[in-house]
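None of the figures in this text is laboratory data; all of them are computed from the coordinates on show. Computed from a predicted model, the values in this text were never measured in an experiment. Cβ placement follows ideal geometry from the backbone for every residue including glycine, while neighbour counts extend to all protein chains displayed.
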Amino acid sequence: MTLNPESKYPSRRAYVVKVRSDAKPGALAGRLENLVTGQSRDFASGRELLDSIASDLAPDAGERSADPAGTKT
């Protein structure tokens, strides 16, 4: 058996959003899970969900701004 060297999830931007069964349209609640890193965060509103995604992507933004040409060596 040979293993495929390519990752099934090539970037760390692969998420699963699990919405709680008691969540309502005006009260979104659940858990955000990053499939690559395995980290999970609970959220109690749409704003918290967006903040969780933004904070997870923040390190990537810093890496891009350090290399304005967008190339990696």
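For the listed peptides 36-46, 19-29, a ranking on the average number of other beta carbons within 10 Å per residue, highest first, reads 36-46, 19-29. Amide H contacts under 5 Å for Ala29: Arg20, Lys24, restricted to partners 5 or more places along the chain or on a different chain, H placed in the peptide plane at 1.01 Å from N. Note on Leu57 and Arg31: with the Förster distance fixed at 22 Å, the Cβ-Cβ geometry gives a FRET efficiency of about 0.80.
Computed from label points 7 Å out along Cα-Cβ, the spacing between Ala23 and Gln39 is 1.9 nm.
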